[in-house]
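Read the structure below first, then the notes.
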Amino acid sequence: MAFQPPKSDSELLAPVPKTPGKRRIAVVTGSRAEFGLLKPVIAAIGQEPSLQFSIVVAGSHLLAPANTHMDVRSAFRVGAVVQMQLPGEHTRIEDAEAAGRGISRFARTFYKMNADGVLVLGDRIEAFAAASAASIGGVPLAHIHGGDRAEGVADEAMRHAISKLAHIHFAATKTSAERLIKMGEQPATVHNVGSPAIDGLAAINPLNDEEARAVGDPDIVILHHPCGQTDAEESAQAQSVVDYAAATAKRILVLAPNFDPGREAVLSVLRAAVASHGWHFMDHLPREVFVGLLKRLAFRAGLLIGNSSAGLIEAAAINCRAVNVGPRQAGRETPASVISVPRPSVSAIAEAIAAHRLPATPEHPYGDGHAGPRIARLLAEINFDDPALIRKRCAY
């Protein structure tokens, strides 16, 4: 579904009327991964008597072939759609152009929906564009997972830029909360709530045999994204992952990379390996299926390999072995279940896996699985009408 801009400026003069006694929170989701984290937050907002959510679907959700906006629509009513990226455009300069389109369209959307506040998560360009529109437009902005470190493509700079635009901070770890305060954010605005990625994991069952067969019943899942390097470097790192997997002679499921610059270089390597070895390939797995698959992998001593944050957060929480290759997650807090291979090669990956031992009890820094209700409760309690809330100043 493509974004349809207002036909005339007169549409901007007629915001949606507010519901008496309800604070309207515009929740922005731009990608499949971040929506999985936002689901428990949105559900918790819906349970707060003084809050209501309006979901804004944007960014890579709207791109084929995955069209993951359908996952959002199947779970919640969508309030607005903001198209940013265009099909086939994945370079850094095209991302910059997409961010510009997003700022303009988010500004119109927030005004039209009469948002009392805006909630974003993470570090992608969709969150940055929405954060820019809200902060410049004078709408209180709340940010989940600020203060983290992870290199990614432009992730490190983008995440911290969003933090400096935000008025309310929902940090995922104690260290991230401390980092936000060191960045000059007012301590009273920084709340260590944990990561919503942990919420609801216990309620998801491992895939049964029939469900697993539908996704190739893998022993190894490859989830490898681009990380802002040259095409040659992206291809080489992806090649080391698929070469290691091929050498194991096990069943492999390959998941498509996200829509960041360098996607085509990674995807071409993955597709070639799928064609050569007859592996299973899927553009997208719904979060419940993905987590259920991780639980099955954990039970069967399987492996998640690549460079997704899911290896460091969700997989770690359920004690599923994960191999994190290359620099994409550099700086992120890493639980003991994660096997780090900064300079990946087949031999380096194999040696790191052979030397690794899973902890008997999974330990991770990302909270206790109740981030969603904490975030919703704080959104209900914070005084959004206080002029000091949106008057940013550096606290050091």
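Throughout, read-outs are computed from the coordinates displayed, never taken from laboratory work. Please read all numbers here as calculations on a predicted model, not as lab measurements. A quick note on method: Cβ atoms are made from the backbone with ideal geometry, for glycine too, and the neighbour counts reach across all protein chains shown.
Compute, for the chain, the length of the dipole vector about the Cα centre, with Cβ point charges of +1 (Lys, Arg) and -1 (Asp, Glu) only. Units Debye, rounded to 20.
740
Pulled fully out, how much extra length does the chain show between E211 and N383, if you take 0.36 nm times their separation in residues and subtract their Cα-Cα distance? List each step's numbers first, then the result.
Numbers: separation 172, 0.36 × 172 = 61.92 nm, distance 4.63 nm.
This chain segment gains 57.3 nm when fully extended.
Classify region 313-367: rounded, prolate or oblate, from the alpha-carbon gyration tensor (a ≥ b ≥ c, eigenvalue square roots; a/c under 1.5 rounded; otherwise prolate if a/b is larger than b/c)?
oblate
Let me check against my output: what whole-number percent is the relative contact order of region 119-173, with C-alpha pairs under 8 Å and at least 6 apart?
Rounded, it is 43 percent for region 119-173.
Can you tell me how the chain classifies by the Cα gyration tensor, rounded, prolate or oblate, using a/c under 1.5 as the rounded cut?
prolate
DSSP loop (so not H, G, I, E, B), at most 12 other Cβ within 10 Å: list which trypsin sites (Lys or Arg not before Pro) in region 310-361 pass both filters.
Answer by residue number: R357.
Positive end of the dipole of the chain, charges at C-beta (+1 Lys, Arg; -1 Asp, Glu), about the Cα centre: which of V346, L62, G326 has its Cα farthest in that direction?
L62
Can you list residues whose amide H is under 5 Å from R23's amide H, if they're 5+ apart or on another chain and H is modeled 1.01 Å from N?
Amide H to amide H, under 5 Å and 5 or more residues apart or across chains, R23 pairs with L51, Q52.
So if I place +1 on the C-beta of Lys and Arg and -1 on the C-beta of Asp and Glu, and nothing else carries charge, what would the dipole magnitude of region 43-147 be about its Cα centre? I want it in debye, nearest 20. Intermediate results must be reported in sequence, preceding the final value.
Working: 8 positive and 9 negative charges, 56 e Å.
That gives a dipole near 260 debye.
Alpha carbon centre of region 199-219 versus region 167-193: separation in Å?
Using only Cα atoms to place each centre, the spacing works out to 35 Å.
I need the calculated FRET efficiency for the pair A203 and C394, taking r as the beta carbon distance and R₀ as 41 Å, to the nearest 0.05.
On the way: r = 41 Å, r/R0 = 1.01.
So, using R0 = 41 Å, E works out to roughly 0.50.
Stretched out fully, how many nm does the piece from R77 to E97 gain, at 0.36 nm a residue minus the Cα gap?
Length gained between R77 and E97: 4.4 nm.
Provide the per-residue ³J(HN,Hα) series for region 259-269, in order, calculated from phi with Karplus coefficients 6.51, -1.76, 1.60 and θ = phi - 60°, each as a whole number of Hz, with x at glycine and proline positions.
These are the phi-based 3J(HN,Hα) values: 8, 9, x, x, 4, 5, 5, 5, 5, 5, 5 Hz.
Lys/Arg Cβ at +1, Asp/Glu Cβ at -1, dipole of the chain taken about the Cα centre: which of P17, H280, L121 is farthest positive-ward?
P17
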